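First up is the structure itself, then whatever we jot down about it.
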Amino acid sequence: MSTALPPFPRGQDPSGVPVPLELTAGPGGPQLRADAARNRARLLEAATRLVEEHGVANVTMEAVAAAASVGKGTVFRRFGDRTGLLMALLDHTERQFQAAFLSGPPPLGPGASPVDRLHAFGCRVLHETRDRLDLYMAAEPDASRRFSYAPYRVRFTHVAMLLREVVPGADSVLLAQTLMGYLEPALIHHLTRQCGMPLERLECGWHDLVKRTTSPVPDEGPSTFVS
């Protein structure tokens, strides 16, 4: 079973700390009414207990409804589907991580060089994903939503921004997608669980990939794209 989830937050984020984009709502979305917020927290607390006691595979909308003593329709109205529920469970962890790389101390946050921040970013993602790998795998969106859901967009934008600073003449969008592909939960699951690779090897691979991606290359003139 994956590492226990952190306690679900009951209060607001500390003042002065930027509020990162949430997994379960788009920017500018309406604030929940007090009773709706309490119901949401109650459902997430029930889901958290189920994960810790029975594992992610046994967390269903029906099981959460029963654990929270509410109707199944209430869970569906609040989270949409099982993926939405599991993404909401990851929301607290993701918000903390986003705050760390957007405004936290270096080398992950501002104040370090873009290359150092890229190195720190990937290692942090590898550890976060490893610690909650079962939950990340279960919450993986389908192919049509994988690259458009909120946390991926925030992480991708951050990586692309750092790459633009380091290699301004390169296609930062495609390079960022390449780096993000290395950090996909499915790949981490395959390498660590199915291939038995230690996380330290994945960290070394990330450092090597960042170094090769950001190292200067001879100027050979503009590339020719074939459509």
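The values are calculated or read from the model by the stated rules, or taken from the named source; none is laboratory data. Source: prediction; values computed, not measured. Here the Cβ positions follow ideal geometry from the backbone for every residue, glycine too, while neighbour counts run over all protein chains shown. Calculation scope for accessible area: heavy atoms of the full protein, side chains included, ligands and nucleic acids excluded. Shrake-Rupley method; radii C 1.70, N 1.55, O 1.52, S 1.80 Å.
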Name the residue, out of Met137, Met87, that is buried (at least 17 other Cβ atoms within 10 Å of the Cβ), of a type in the set (A, V, I, L, M, F, W, C), at pLDDT below 90 and under 19 Å from the mean Cα position of the chain (by Cα). Met87
How many residues are farther than 22 Å from His92 by Cβ and open to solvent by 60 Å² or more (accessible area, probe 1.4 Å) if we restrict to region 149-171? 6
Residue that is aliphatic (A, V, I, L, M), assigned to a helix (DSSP H, G or I) and farther than 20 Å from Trp206 by Cβ, where the choices are Leu135, Leu179, Leu162: Leu135
Which ones in region 187-227 are modelled with pLDDT of 95 or more, open to solvent by 50 Å² or more (accessible area, probe 1.4 Å) and of a type in the set (A, V, I, L, M)? Leu187
Reported set for region 124-172 where residues are aliphatic (A, V, I, L, M) and under 19 Å from Gly84 (Cβ atoms) is Leu135, Met137, Ala138, Ala139, Ala143, Ala150, Val154
In this structure, does Arg130 turn out to be touching a residue at least 60 places away in the same chain (Cβ under 8 Å), open to solvent by 60 Å² or more (accessible area, probe 1.4 Å) and in contact with a helix residue (DSSP H, G or I) (Cβ under 6 Å, 6 or more places away or on another chain)? yes
